[in-house]
Each structure stands twice: as C-alpha cells, then as structure tokens.
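The next block holds one structure in the form of structure tokens; read it before the comments.
The values are calculated or read from the model by the stated rules, or taken from the named source; none is laboratory data. None of the values given here were measured: they were computed from a predicted structure. Counting neighbours? That spans all protein chains shown, and the Cβs are built from the backbone with ideal geometry, glycine included. Keep in mind that these areas ignore ligands, DNA and RNA; they rest on the heavy atoms of the full protein, side chains included. Shrake-Rupley method; radii C 1.70, N 1.55, O 1.52, S 1.80 Å.
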Amino acid sequence: MEIVQNFTNNGFFISQPIIGENEIDSTRKDLDNEFENFDRSKGSTLKISEVKDPKIIKKIIDILYSQETKKIISDLESHYNKPVSLLPPLEIMKNYHVNLKTHLGWHRDCGGELEHDYCKEKLFKKDYLFTKVGIYLQNNTEYGGSIDIIKTSHKNFSKSQLILRKIKSIPLRFTQSFHKYFSKLYYFLPEKLFMFLVNAKRLYPMKGSAVFFDSRLVHRGSPISKNKLNEALFSKKFVYSAEIPKQFDKYAIYSHFGTAEAVDSYMYDRLKRKGNDNEFKNWLDEVKVIEKYNPELAKKMLIVLDPLKSKYSDIINKTSK
C-alpha cells in the first residue's frame, strides 16, 4: 500500500507515466486543433463536453481512466473501505499560468468549504478523500508545466489542531502580504527564497504521469520563472491565461477524484455560490457523456454520486426546468 502511505504522508502521489512519448505528442497535436477552434472568449479551459472530435473525447477519458489509475482507485478503496472514483468535471487546460507580477496563485481547493461548519466536520475526518488528478503533457520547466505544493499543508485538519495549522500558515501569509505591498521588490528577489520560506516544493513528474493532490493541500500551478515572464503575454480578461513560445505550450488534463461524503462537502459549498446552483446537475450530465465512451467509468462515478441524488433532488429538478 505504498500509494496510500505516500498520499497520506505527503498529500500527493505521482503515478508512473500513463501514456508514452509518442501518444503525448499526438495528443498535444489533437488538442492544438481543438483549441484552435475553441471560443477563446471562454478562457483557457475546455470541458470534455465541449470537445468536438469524439476520438479525442475517448482518448482523454481513456488516459484518465487508465490501468494505472484503476490500480490506484483499487488501493484507495481497500484502504478507506468505501467506493472511490474519478469524478467530473473532466477538463483540459491550455497555458493556464500564474503571473507572479500580480498573483502568487497559492490556494487550497477546499478553501470555500472551510467557511462552513458542515464541511469542516467532513474535512477534519481521517477518512476524508477528495483530490484533483492532473496529467501534465510536458515537463516542468522555466515556463511552468506542473504544480508547486507547500509540504504537509494538508495536515493538522481537526478542531484540536486549528491553532497549529494557523501558526504554520504564517510564512505564507507574510509572503502574500509582502507580495501585495512590495510587489516590485518581490518580483526582483529570487523565487527560491520565497519557496524556501513557505516550505514549498516544485513537482517534476515525468511527462504523462498522473499527480493526485489532496484538496486540503496548498498548491499552485508552477509559475513561469521571473526571468521568462516578459516572454509571456497574459490575457487582460482571464487572470491565469497566457500565451508563451509555442514549443513550451502547457497542457494539463484534470478531473476530481474521491468519495461520496467528500463530494457532499464540496457541493454544500459550491451550490451556495451565486450562479452555481446547477453544478451537481452538470456533473450528472457529464457522466451521461462519459457513459457513451466508457460505461465502466460512468458506472463507477454513479456509485459515488447516486447517494447524493436524493439530497440534491430539488436543485436537480429546478435546474432541469
């Protein structure tokens, strides 16, 4: 159970490469074509339901639901003794980048949930399991390509350890304030200094590997190095969208991953956000799309999501009208 131990201790786990070099190259070319015809006014994220070529839809789903992923799911199900699955949304991001001149990008995916006692009860449990899965189709270079994490920041999630967690977050809060009030100085100081200060680590997964990272883990997309930022043209409309030299284009394939109880916590927060009351229905609609290409994965997803249908039935029915 090395997978479980690494994930529990570190808050992330990196798989062996899921796809080889040749398939990575062909997938990048396929995605180039998709994004060329994609309405860029929507940003840099392409949902699986927005992909026009059915062959590419199947390829993306099969990459995410590979034999390597199935083994990881099996190990985690055995450890937690409950159903675990990849979950919507399945998304492809192109050149989604942090601009260190204006943002640091550090965040927890569960940040909104920490505002609700209902969610915190679930986040504090030892058997909480909700992660992102990222498959990166390039190496992590000076132009980005994978993620940075703050070591062990997924730990100390309990009522008794709340103060300890806040104390450990002081270096990050200081760094964020320094960036806010002394942004020009921050930009000229070496990023390695701030990475050391906040106890951060840059991940260097092999191309085509899957990175599973706990939603409680503080992380960010590895930013473009300060000495390369002038080569990036950041969108004025979308904060994290940039154009970089084509040979360094960044592609990431993402999905959620976890248990029904963790999804319940996620949805409790999301469905309270303005304009977000159709998210659970969108997930179920996406499962229907996935079912056409991989019935086995769709079935796994529904095993996790079905227990929540009755709880959110009013919302599902409301957004179906």
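Out of 126, 166, report the one residue that is in a loop (DSSP other than H, G, I, E, B) and either free of Cβ contacts under 8 Å to residues at least 12 places away in the same chain or out of contact with any helix residue (DSSP H, G or I) (no Cβ under 8 Å at 6 or more places or on another chain) (or both).
On the way: 166 fails: in a loop (DSSP other than H, G, I, E, B).
Within the list 126, 166, the selection yields 126.
So, of the residues in region 33-47 that are open to solvent by 40 Å² or more (accessible area, probe 1.4 Å), farther than 12 Å from residue 91 by Cβ and not hydroxyl-bearing (Ser, Thr, Tyr), which turns out to be modelled with the lowest pLDDT?
Here the answer is 40.
Among the residues of region 114-128, count how many are crowded, with 16+ Cβ neighbours inside 10 Å and out of contact with any Phe, Trp or Tyr (no Cβ under 7 Å at 6 or more places or on another chain).
2
What are the residues in region 96-123 that are without any contact (Cβ under 8 Å) to a residue 40 or more places away in the chain and assigned to a loop (DSSP other than H, G, I, E, B), if any?
Residue satisfying the conditions is 111 alone.
Go through region 136-168 and count every residue that is among the hydroxyl-bearing types (Ser, Thr, Tyr), under 28 Å from residue 126 (Cα atoms) and open to solvent by 30 Å² or more (accessible area, probe 1.4 Å).
Qualifying residue count for the region: 2.
What are the residues in region 169-187 that are open to solvent by 90 Å² or more (accessible area, probe 1.4 Å) and either among the charged types (D, E, K, R) or touching a residue at least 24 places away in the same chain (Cβ under 8 Å) (or both), if any?
Those that are open to solvent by 90 Å² or more (accessible area, probe 1.4 Å) and either among the charged types (D, E, K, R) or touching a residue at least 24 places away in the same chain (Cβ under 8 Å) (or both): 173, 180, 184.
Test residue 102 against the criterion of being surrounded by 13 or more Cβ atoms within 10 Å (Cβ to Cβ) and either modelled with pLDDT of 95 or more or not aliphatic (A, V, I, L, M) (or both), and give yes or no. Please lay out each step first, then the result.
Values: surrounded by 13 or more Cβ atoms within 10 Å (Cβ to Cβ): no; either modelled with pLDDT of 95 or more or not aliphatic (A, V, I, L, M) (or both): yes.
Against the criterion (surrounded by 13 or more Cβ atoms within 10 Å (Cβ to Cβ) and either modelled with pLDDT of 95 or more or not aliphatic (A, V, I, L, M) (or both)), residue 102 does not qualify.
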